[in-house]
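Below is one structure, written out as structure tokens, with a few remarks after it.
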There are 4 protein chains.
Amino acid sequence: MIQPVLHINPGDTIRTTTVDAGGRDASNTRRSNGGNPETGPFYIEGTMPGDLLAIKFNRIRLNRDSAESGDRVVGSALNSGYIENAKYDDKFSSEWKLDRANGFAMLAKPSEHLKNFRVKLQPMLGCVAVSPGEKQSFQAGWLGSWGGNMDYNGIREGVTVYLTVNQPGALLFVGDGHATQGDGELTGDALETSMDVEFTVNVIQGEGGGPRAENDEYIMAMGIAGSLPDALRQATTGLARWLEHDYHLTPNESAIVLGSSMRYDVAEIVDPQVNVVAKVSKAVLATLK
Amino acid sequence: MIQPVLHINPGDTIRTTTVDAGGRDASNTRRSNGGNPETGPFYIEGTMPGDLLAIKFNRIRLNRDSAESGDRVVGSALNSGYIENAKYDDKFSSEWKLDRANGFAMLAKPSEHLKNFRVKLQPMLGCVAVSPGEKQSFQAGWLGSWGGNMDYNGIREGVTVYLTVNQPGALLFVGDGHATQGDGELTGDALETSMDVEFTVNVIQGEGGGPRAENDEYIMAMGIAGSLPDALRQATTGLARWLEHDYHLTPNESAIVLGSSMRYDVAEIVDPQVNVVAKVSKAVLATLK
Amino acid sequence: MIQPVLHINPGDTIRTTTVDAGGRDASNTRRSNGGNPETGPFYIEGTMPGDLLAIKFNRIRLNRDSAESGDRVVGSALNSGYIENAKYDDKFSSEWKLDRANGFAMLAKPSEHLKNFRVKLQPMLGCVAVSPGEKQSFQAGWLGSWGGNMDYNGIREGVTVYLTVNQPGALLFVGDGHATQGDGELTGDALETSMDVEFTVNVIQGEGGGPRAENDEYIMAMGIAGSLPDALRQATTGLARWLEHDYHLTPNESAIVLGSSMRYDVAEIVDPQVNVVAKVSKAVLATLK
Amino acid sequence: MIQPVLHINPGDTIRTTTVDAGGRDASNTRRSNGGNPETGPFYIEGTMPGDLLAIKFNRIRLNRDSAESGDRVVGSALNSGYIENAKYDDKFSSEWKLDRANGFAMLAKPSEHLKNFRVKLQPMLGCVAVSPGEKQSFQAGWLGSWGGNMDYNGIREGVTVYLTVNQPGALLFVGDGHATQGDGELTGDALETSMDVEFTVNVIQGEGGGPRAENDEYIMAMGIAGSLPDALRQATTGLARWLEHDYHLTPNESAIVLGSSMRYDVAEIVDPQVNVVAKVSKAVLATLK
């Protein structure tokens, strides 16, 4: 939920909670309006524009047993022939029950063919943002070079997100937890729910570029742009530059690494900008030394 | 290499070889011109337009110790700022040594920073095709509803590819082996090499649509189109229709499955058409019954 | 209609007719199957791969009083919200009456609100093609570097089309006349009708690149690709190269001309490839000397 | 230049000036920072969210004899092969002299091949905006449903722009004059200059949708989105809805009008969102009654 600015120091570890995209908390109590209400801003003492913020998520954990999702695939992911003919049921219930003990989600009031449908819980945060700077203000559904509503199912417990600071104090926000999400966030709303979150913030030296992330397995460069081709260009370029900078590779050398080893994730295609992630495994990176 | 038409029967298992994209075989002998020379066509007795062909690849194995790749990322995957400034070395060697015993590839004449670079061998076939029908003929670099140069790193040993037949006898082709390939086939040529291939062909009942595939872990619908957004639309639609047909789901129900559980692979972005794959795991499908 | 190969010489002027996209001639008699049947091929004596063919259309004239179009806008030109909700009448008649004396078209059996609807006749040819070469064969709905189903409403009487030759003799085809067509050929079929056509063929020196055209007012570079952004890139690049080559401009200079004076036409978005045209007026070109 | 809020009434005619994109006025004096500084906001008394604002531009006139443009085509309009090889001159001068008496622009310090280059003056405003609402604030380079940096060369003297109001008072801004501009605003900066502007504001009943415009010749629906295909979808849909609402057409009927008579303009492809315009002539509309 929206809180007064909280001043913290680099190195601090913060335990907090996020409400769901509709403003409801762990007890399902409405605490704010909908539209991806965020927790924050956190003012990180001493950070200045151009600094690189590293937000390590030690915990991203479910704190209630319910979620709610969309129940139609967005038009931008479907052929027009499908859209023309699809018959939707306006009374279809997309409330979910989260079985935290056993680690899966199921529809709370399942329709006939989804009676036994189960999907693994993989809690993630849709939004991690700093202030966009330049006196701009975007709704919490937006995303861009400052992070924001990136809706990437790789932002899970254990990940570190890197964002370039635009304003003194950075003004960090987190929110929009999903119990799990397929690629693309195809239903517009994933399994929206509240979360317990713990993160440690550090200010580090490093190249900026777009938002980046890292976990035990991968380094990940996000490409956020107005279309899939442009987002993919940005992601690939971001990862190429990252490799060239940190591993001192030439463009031929980074091409060899990317061409043989890079993977793309289509994070989301439903928000005001598209997010594509280019990633390379740390097993491969280990051979670059 | 191009061979006379070989007549086979449904149920037959074929052992054959493919030359590399430049026409060289297991002994590195030039056997045909370059440009993805194919092995085939195989005329499958009794198959008719509209039939669905299931090609199960029992073996896709390396048969020599060398490969050659491109050494630049294609322009369509990079920002123009990167393209303007990248300095390439025209003498860069992208010959690869394939260490089949230990399962990895390395540059044969590595540049300074890639001395220790290793990437896991994951042999795949770039091309699986039937005749496009309608008296059309495409070069082997093309792809479409008939399959073709799909360049998907998921076409590996154990996969079954499904293609709709357009001509009596289907006229099956295979070729374009890659020792391994990152997503997108970013360098235009992946680690191009010759292969030993064994496959079993069957004609089955089933919905057609675009090319599909299946392995132990996933069902996969390919979206082949002129751009990433259109390929993604087609892949998602193909997977939705597959689920709706085989699991008797309504559009709301397939949206629930796709939104929570679908993954995209960006197969390739370098050929005359783009290939995006939408897939869902068999672990999830098992709960749809 | 499809005819035996006709051998002609550079400089020859040919008078012929084209059937409509459904195969009907001036008397509305079915002369061939549908799917853009072409008139040709014309074998131009002495032309060789790499030559540039200039086809000057002296006449593109209507020869009957009827046409037929599609009656729905293609899905790729509409938002999914519109597609979901549009209620179409399957009995809607999109037969047109062509009033050649007064120069306009009107629906033959107009619905209530289109009783007085009139649109100006601007006869054009959808298809001008040479053989694609490389042993490829495409259906007549396709387009590419060899021309083909370009569906550009600028291919009207007086225009000269330039195509690079891929096969000895070029193998020129023309067809797919439209009585008039809006940008994009939004209804898939424009006002399809038969035509009287007269053209003069010459082989000239000149830079190749993609298909180009010229009339009294403009020089026009066509960009044919799998998506609008890629087609636009190709069109702009084609026009920049044309200016740089013929007017000896540097890239800064061509940027000045294009940035201040270039116009785009979205020729069509409904065929297997998209066609975008970049053009600059001869009034501007006259000041480049 | 930025001014205090000026309260005006519906029906008022305002005479004002705009500085150029770099903040310079008619006397070339720097009056504000660069980045498309705007004139306004104008608070229109009595207007409320949901109202439709009609801004009729009675005058858009040059008020000085100089302009400055970019001198390279943006990467998003060019093939990567062109980008790789283009040799640019960093000292190239793209200052323009505006010959208002004779109605053309020429380079002030022309390079060799552009000595005689002349382009017709066609003064336009790049920016017309109301507040975006929802507590959002965008930089003046942005555009969206609220208008903004639409950079359309059809926004010239005599045009009426329609924008849906998001905030009480609307908060109207105008700025970013161009002495002339090709389609796409390919050089990023067109011929940027200051202007004398006179407009009359009215609040009218009418359907909202995206930004629209009208002049003596055309009605125009703007499609503003993250990519060309999405902008084109939005423009076509906007024009279809406009026709269906104002002329009581069914989807089949609007398809007949659009398919035969619609034109697209690619307004700009260089800003954070792309702008495509779909338009139909008033000559055609006259036959819809």
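When the Cα centres of the stretch C:154-192 and the stretch C:31-67 are compared, how far apart do they sit, in Å? About 8 Å separates the Cα centre of the stretch C:154-192 from the one of the stretch C:31-67. Taking every alpha-carbon pair within the stretch C:128-186, the share separated by more than 19 Å comes to 30 percent. Mean-square fluctuations from a GNM of chain A, with a 10 angstrom spring cutoff on Cα atoms, peak among A:Gln136, A:Gln205, A:Gln122 at A:Gln136. Rg and Dmax of the stretch B:127-230, based on Cα coordinates, read 13.6, 38 Å. The mean sequence separation of alpha-carbon pairs under 8 Å and at least six residues apart, normalised by the residue count of the stretch B:124-236, gives a relative contact order of 27 percent.
At q = 0.13, 0.22, 0.25 Å⁻¹ the log10 of I(q)/I(0) for the stretch D:179-253 amounts to -0.58, -1.17, -1.24, computed by Debye summation with a single uniform scatterer per C-alpha, solvent ignored. Mean residue ellipticity, 222 nm, helices only, chain D: the sum of -39500 (n - 2.57) across DSSP H runs of n ≥ 4, divided by residue count and rounded to 500, is -4000 deg cm²/dmol. I need the shape label for the stretch C:44-194. Rule: rounded when a/c is under 1.5, else prolate if a/b > b/c, else oblate, with a, b, c from the alpha carbon gyration tensor. Oblate is the answer for the stretch C:44-194, as a/c is 1.5 or above yet b/c matches or exceeds a/b. Over chain A, all Cα pairs binned in 10 Å intervals from 0 give whole-percent P(r) values of 7, 28, 34, 22, 8, 1, listed from short to long.
Taken along its three principal axes, the alpha carbon spread of the stretch C:226-289 comes to 39, 20, 17 Å, from the longest extent down to the shortest.
Label zone (A:Glu84, point 7 Å along Cα-to-C-beta; backbone nitrogen cut-off 19 Å) within the stretch C:74-104: C:74-95.
Please identify the trypsin sites (Lys or Arg not before Pro) of the stretch A:1-97 that satisfy two criteria: DSSP loop assignment and at most 10 other Cβ atoms within 10 Å. Which are they? Intermediate results must be reported in sequence, preceding the final value.
Working: sites: A:Arg15, A:Arg24, A:Arg30, A:Arg31, A:Lys56, A:Arg59, A:Arg61, A:Arg64, A:Arg72, A:Lys87, A:Lys91, A:Lys97; in loops: A:Arg31, A:Arg64, A:Arg72, A:Lys87, A:Lys91.
Loop-located and lightly packed - A:Lys87, A:Lys91.
Each other copy holds its own label point for A:Asp90; taking that point as 7 Å from Cα along Cα to Cβ, the gaps run 2.4, 6.4, 6.8 nm, nearest first.
In nanometres and ascending order, the distances from the C:Val5 label point to those of the other copies are 2.4, 7.7, 7.9 (point 7 Å from Cα along Cα→Cβ).
For chain C, what relative contact order do you get, as a whole percent, if you take Cα pairs closer than 8 Å and at least 6 residues apart?
Computed value for chain C: 24 percent relative contact order.
When the convex hull of the C-alpha atoms of the stretch C:73-125 is computed, what volume per residue in Å³ does it have? Numbers along the way, then the final one.
Numbers: hull volume 6.5 nm³, N = 53.
It is 122 Å³ per residue.
Computed extension length for B:Asn28-B:Lys120: 30.9 nm, one decimal, from 0.36 nm per residue of separation with the Cα-Cα distance subtracted.
Per residue, the solvent-accessible area of the stretch B:192-245 (1.4 Å probe, heavy atoms of protein chains only, all protein chains present) comes to 31 Å². Counting only protein chain heavy atoms and rolling a 1.4 Å probe, the accessible areas of A:Asp90, C:Asp230 rank, largest first, as A:Asp90, C:Asp230.
Against chain D, whose longest principal axis is taken from its Cα atoms, helix D:228-246 shows a tilt of about 40°.
For the stretch A:60-176, the number of Lys pairs with C-alpha atoms closer than 28 Å, counting only pairs eight or more positions apart or on separate chains, is 11.
Approximating the spin labels as points 7 Å out from Cα along Cα→Cβ, the C:Arg100-to-B:Lys91 distance works out to 7.0 nm.
Taking only protein heavy atoms and a 1.4 Å probe, the accessible area of the protein assembly as shown is 46% carbon and sulfur.
Between the amide H of B:Gly188 and those of B:Val74, distances stay under 5 Å, these residues lying 5 or more places away or on another chain, with hydrogens modeled in the peptide plane. Solvent-accessible surface (1.4 Å probe) assigned to D:His7 amounts to roughly 110 Å². For the stretch B:155-195, list residues with backbone N below 11 Å from a point placed 7 Å from the Cα of B:Leu6 toward its Cβ? Of the residues in the stretch B:155-195, B:173-174 have backbone N under 11 Å from the label point off B:Leu6.
Antiparallel as a % of all DSSP beta bridges within the protein assembly as shown, to the nearest 5?
Numbers: 266 of 286 bridges.
Taking every DSSP beta bridge with both residues in the protein assembly as shown, the antiparallel ones total about 95 percent.
For D:Gln205 and C:Ala108, FRET efficiency with R0 = 35 Å and r from the beta-carbon atoms, rounded to 0.05? With a Förster radius of 35 Å, E is 0.45. Between A and B, buried accessible area from a 1.4 angstrom probe totals roughly 5600 Å², ignoring ligands, DNA and RNA. Plainly put, the tip 7 Å out from Cα toward Cβ on A:Ser281 is 1.6, 6.1, 6.2 nm from that tip on each other copy, the closest given first. The C-alpha atoms of chain A define a longest principal axis, and helix A:251-261 lies at about 30 degrees to it. How large is the translational diffusion coefficient of the stretch B:30-114 in µm² per second when you combine the Kirkwood radius over alpha carbon pairs with Stokes-Einstein at 25 °C and 0.890 mPa s? After rounding, the answer is 139 µm²/s. Distance distribution note for the protein assembly as shown: the fraction of Cα pairs above 47 angstrom is 32%.
For the rotational copy pair B/D, the chain B residue whose Cβ lies nearest the symmetry axis, together with its distance in Å, is B:Ile83, 2.
The values are calculated or read from the model by the stated rules, or taken from the named source; none is laboratory data. The structure displayed is predicted, hence computed values, not measured ones. Glycine also receives a Cβ, built like all others from the backbone with ideal geometry; neighbour counts cover every protein chain displayed. Areas reflect the complete protein model, heavy atoms only, side chains present, ligands, DNA and RNA absent. Shrake-Rupley method; radii C 1.70, N 1.55, O 1.52, S 1.80 Å.
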